[in-house]
């Protein structure tokens, strides 16, 4: 994926510091991304982060990439808490598979 391009992916895993997105188009490691989605509460969540890794050339893994978030906004923190509540998780387990 070239800089400035848009692509669609699916949010598969979230944590307080980052997320995993499955997608056909994989950005390069180190790329800065702007990501957005609508939360279950109807809020628009706008995120920024850096691609830390991807599944490119990893046989058997779903196509996707990991992003380390830069200062997640209030809307993301509320979404993360909602996801933890839905799965009955507590603060000790800070990763949620969606």
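Within segment 41-98, which strands (runs of 3 or more DSSP E) (wholly inside it) include 3 or more residues that are at pLDDT below 90 and touching a strand residue (DSSP E or B) at 6+ places or on another chain (Cβ under 7 Å)?
95-97
Checking the condition part of a loop (DSSP other than H, G, I, E, B) and either at pLDDT 90 or above or surrounded by fewer than 16 Cβ atoms within 10 Å (Cβ to Cβ) (or both), which residue from 26, 35 passes?
Of the residues listed, the single one that is part of a loop (DSSP other than H, G, I, E, B) and either at pLDDT 90 or above or surrounded by fewer than 16 Cβ atoms within 10 Å (Cβ to Cβ) (or both) is 26.
Restricting attention to segment 7-23, and to residues there that are under 12 Å from residue 35 (Cα atoms) and within 9 Å of the chain's Cα centre (by Cα), which single residue is surrounded by the most Cβ atoms within 10 Å (Cβ to Cβ)?
19
Regarding segment 1-13, can at least one residue be identified that is touching a residue at least 60 places away in the same chain (Cβ under 8 Å), in contact with a helix residue (DSSP H, G or I) (Cβ under 8 Å, 6 or more places away or on another chain) and within 15 Å of residue 69 (Cβ to Cβ)?
Checking segment 1-13: not a single residue is touching a residue at least 60 places away in the same chain (Cβ under 8 Å), in contact with a helix residue (DSSP H, G or I) (Cβ under 8 Å, 6 or more places away or on another chain) and within 15 Å of residue 69 (Cβ to Cβ).
Whether any residue in segment 42-59 is without any contact (Cβ under 8 Å) to a residue 24 or more places away in the chain, closer than 26 Å to residue 74 by Cβ and more than 13 Å from the chain's Cα centre (by Cα) is what I want to check.
yes
The values are calculated or read from the model by the stated rules, or taken from the named source; none is laboratory data. All values derive from a computational prediction rather than experimental measurement. With ideal geometry, Cβ positions are generated from the backbone for all residues, glycine too; neighbour counts draw on all protein chains shown.
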